[in-house]
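This report concerns only the one structure given below.
The values are calculated or read from the model by the stated rules, or taken from the named source; none is laboratory data. As the structure is a prediction and not an experimental result, all values here were calculated from the model. Positions of Cβ are backbone-derived with ideal geometry, glycine not excepted, and every protein chain shown enters the neighbour counts.
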Amino acid sequence: MIAWKFKLWRTAGAAAALGLAACGESGIDAGEGGQGEAGPPAQGENGGARPATGGGEGGEAATGESGAEHGEAGVVAAYAGLSGDQLTALRIQHLRGFVMAAAKVVEDRGSFSGEPADAAVLVQQGLLEVYDPAADQFGSLDVTKLREAAAGTNFTRAEMVQRLRDAQEEMSRAIGDLDFDEAQLIVRMVDISTGLYQHVLVDGIADPIEYQHSMGAALSAQQAILLHQNVLRQENLAAFGRATGELNRFVALWPAREPPANPATYQQVLVQGSRVRLALSPYL
């Protein structure tokens, strides 16, 4: 099971750092963790016709992966400047990325299927790194189904698939209660995916855990544009078509649930993420 073979997923260290992040004391300098070439700036995006839904004071420190061992500066930037429903929507969608990565791992592809226990570990990571440090900031989300999936290390594949499906349905319900800017949610998820990808390639070797976390965020961004396509189509059909195409090309940079022999470089992910943002600019 790959999830236990690499890093033991920073259990104690992450928990300690996340405790600081939840208190707004992440102590991560914007220049650490590769922020010099991190994803596009996440602030000042509301210059278009849409009103600014991300306020000033709720996003002083991104909880979740922003407090992990590398600093995850790109993730911090993605949360910057958000408050209210916009911040809650991003928290839910970020958590959803871990569930989507788990679903990708366990999907039935014959002899290439991943183990349910690997999927359970990914959900555990999402709860630890995204939900637990800010559990009171997820709106009406009920995490019962997520915790069931996280505990399912001995589930059959069918049992795990059903738990993950139930968890996603609950997240769809909770995010549906919120009033937020759909395009902002999508570009912030792309920023999270890009920020996480900074740590995928280390000395030419791909870290499968960081790869899956980044992949999940990319899948979550793609899902967000599909779930909100009616609103986005109505507002600007041409922009929606361009954004969908660029986002599909962004997700294609993760061709499999584990790093391929020649994974995309961080620069490729960064450039394609910028193209997604440009395509969505009429909405921002």
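Only residues that are over 21 Å from Leu87 (Cα atoms) and in a helix (DSSP H, G or I) were counted in segment 153-175, giving 10.
Total residues in segment 112-133 satisfying the condition of being in contact with a Ser or Thr (Cβ under 7 Å, 6 or more places away or on another chain) and surrounded by fewer than 19 Cβ atoms within 10 Å (Cβ to Cβ): the figure is 1. Residue count for segment 119-152 under the criterion of being closer than 14 Å to Glu170 by Cα and not in a helix (DSSP H, G or I): the result is 6. Being more than 17 Å from Glu258 (Cα to Cα), of a type outside the set (Asp, Glu), in contact (Cβ under 8 Å) with a residue 40 or more places away in the chain and crowded, with 24+ Cβ neighbours inside 10 Å is a condition met by no residue of segment 200-213. Here the helices (runs of 4 or more DSSP H) wholly within segment 215-284 that include at least 2 residues being among the aliphatic types (A, V, I, L, M) and modelled with pLDDT of 95 or more are 237-251, 266-280.
Any residue that is in contact with a Pro (Cβ under 8 Å, 6 or more places away or on another chain), under 30 Å from Val271 (Cβ atoms) and either surrounded by fewer than 19 Cβ atoms within 10 Å (Cβ to Cβ) or of a type in the set (A, V, I, L, M) (or both) - is there at least one of those in segment 145-153? Checked segment 145-153: no residue is in contact with a Pro (Cβ under 8 Å, 6 or more places away or on another chain), under 30 Å from Val271 (Cβ atoms) and either surrounded by fewer than 19 Cβ atoms within 10 Å (Cβ to Cβ) or of a type in the set (A, V, I, L, M) (or both). Ala183 - would you say it is closer than 18 Å to Ser281 by Cα and either surrounded by 22 or more Cβ atoms within 10 Å (Cβ to Cβ) or free of Cβ contacts under 8 Å to residues at least 40 places away in the same chain (or both)? When the stated conditions are applied, Ala183 passes them.
Here is a yes/no grid of residues against (1) touching a helix residue (DSSP H, G or I) at 6+ places or on another chain (Cβ under 9 Å); (2) crowded, with 23+ Cβ neighbours inside 10 Å:
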{"residue": "Arg242", "(1), (2)": "yes, no"}
{"residue": "Glu246", "(1), (2)": "yes, no"}
{"residue": "Val251", "(1), (2)": "yes, no"}
{"residue": "Pro255", "(1), (2)": "no, no"}
{"residue": "Asn262", "(1), (2)": "no, no"}
{"residue": "Val269", "(1), (2)": "yes, yes"}
{"residue": "Gln272", "(1), (2)": "yes, no"}
{"residue": "Arg275", "(1), (2)": "yes, no"}
{"residue": "Tyr283", "(1), (2)": "yes, no"}
